[in-house]
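A short reminder: the numbers here are calculations on the coordinates, not readings from a lab. Please read these numbers as outputs of a predicted model, since none were measured by experiment. Cβ placement follows ideal geometry from the backbone for every residue including glycine, while neighbour counts extend to all protein chains displayed.
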Amino acid sequence: MVISIANVVLMPLSFAGNIFVEPATMPGRLRAFVEVTPLSHVATAALAAVCGPLVLFLYGRRG
């Protein structure tokens, strides 16, 4: 039951977030909603947490 309720909440948030679509291409109201959605912030932070160390490692190997 809890998983079903969580899916009802998370599915619209994931499709209205910046996971699949760049917010710059969204209409104004939806873009404003995406900018304050916690799931968008988590997705951006996860991307930075994965790509940041990888880029630093590759940059260090090059020098």
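Each residue in the stretch 25-36 was checked for being surrounded by 10 or more Cβ atoms within 10 Å (Cβ to Cβ) and either assigned to a helix (DSSP H, G or I) or in contact with a Leu (Cβ under 6 Å, 6 or more places away or on another chain) (or both), and 6 of them qualify.
Filtering the stretch 8-24 down to residues that are part of a helix (DSSP H, G or I) and of a type in the set (Gly, Ala, Ser), which residue is nearest to Leu47 (Cα to Cα)? That would be Ser14.
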